[in-house]
Every structure is written in C-alpha cells, then in structure tokens.
1. Can you tell me the length gained on complete extension of the stretch residue 94 to residue 137, counting 0.36 nm per residue apart and subtracting the Cα distance?
2. Starting with the fewest neighbours, write out 70, 114 ranked by other beta-carbon atoms found within 10 Å of each beta-carbon.
3. How far apart, in nanometres, would the label points at residue 79 and residue 66 be if each is projected 7 angstrom from Cα along the Cα-to-Cβ direction?
4. Quick one: net charge of residue 78's neighbours, Cβ under 9 Å, K/R +1, D/E -1?
5. Using +1 on the beta carbon of Lys and Arg, -1 on that of Asp and Glu, and nothing else charged, what's the dipole of region 25-142 about the Cα centre, debye to 20?
6. What lysines sit close enough to residue 142 to cross-link, taking a C-alpha to C-alpha distance under 18 Å and skipping anything fewer than 8 places away on the same chain?
7. What list of ³J(HN,Hα) couplings, whole Hz, do you get for region 134-143 from phi and the Karplus terms 6.51, -1.76, 1.60, once you set θ to phi - 60° and write x for glycine and proline?
8. Straight-line reach from residue 72: which aspartates and glutamates have Cα under 17 Å away, leaving out those fewer than 8 places along the same chain?
Amino acid sequence: MMKLTMKKITVIGAMLFASSLFAQTPVGVWKTIDDETGQAKSYVKIYEMNGVLYGQIEKLLSPEDQGKKCDKCPGQAKDKPLEGLTIIWGMKKDGDEWTGGSIMDPKNGKIYSCKIKVEGSKLIVRGFLGVSLLGRSQTWHKL
C-alpha cells in the first residue's frame, strides 16, 4: 500500500483544484452555424443563473438579418427583436451534460426539448421532440 505523505496529499489536492478550474462549461459566447448554408449565423451568449442555464442571441451576423423580429415566436417572444431574444432556458446540469430545458427555433417559432454538452471548444446542442433520437444536433463554436 502506498504511503501518503503530506506533500503527496497537497499535490493531489492542488491537481484536483486545478482540474475543477478548467472544467468544461457551456457558459460563454458561442458562434452558431446555419444548418442549410453552413455559414456562421449568430453569437449566442450562454449564462447561468441560480444553477440554471439560459441562452440569448447576442448578435446576428448576416446583414439581411439585422433588425429582424421573431414574427413566428409564441407568447411574449412574438414580434420581439431577434437580438436579445432568449432561445434556451431551463437547462440543469446532469453529469457532463445540461438537460431538462428547452430551445426555440426563432425561424419557425417551434420549441423543442434540449440537451447540450461541451466537447473541447465546441458545444453540441440537440433539440428534440419526446426522445433525443427524434431530433437534430448543431455544433456551436466557442468565441
């Protein structure tokens, strides 16, 4: 059996602390990519409040999208400017993923169940109906 000295315990503790500082988090600004064109579409800011993640469109990148409103969005989001619109809400940490929330597609106003996972400098965002198999994923890139 290995004998743990105070020095070894300190080193192990420091390593665990350092790894927690570099734990992958979805919090930050992400560049979204249009499924149809493959072009960068927007910047979405992911933030955490009281252990729950939210995502808000921070900037639209296409000049023709500037000033657009969410004419197909339901409820309070209807006719609101796309920039500043909250499109992800209710996400809670579940192991190495965030689940249990929703994502809205402002193009058609539909709301889907959502799960997200950080993989290096990429965010895998999956929207689905019912079960995760019935959906689609997008890869967003960290800014």
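1. Numbers: separation 43, 0.36 × 43 = 15.48 nm, distance 1.81 nm.
Gain on stretching residue 94 to residue 137: 13.7 nm.
2. Numbers: 70 19, 114 25.
Ranking 70, 114 by Cβ neighbours within 10 Å, fewest first, gives 70, 114.
3. 2.4 nm
4. Details: positive: 69, 72, 80; negative: 71, 79.
Here the charged neighbours net out to +1.
5. Working: 19 positive and 15 negative charges, 25 e Å.
I would put it at about 120 debye.
6. Output for residue 142: 31, 41, 45, 59, 115, 117, 122.
7. 9, x, 9, 10, 10, 10, 9, 10, 5, 8
8. 83, 105
No value in this document is a laboratory result; all are computed from the given coordinates. Computed from a predicted structure; not experimentally measured. We place every Cβ from the backbone using ideal geometry, glycine too, and count neighbours over all the protein chains shown.
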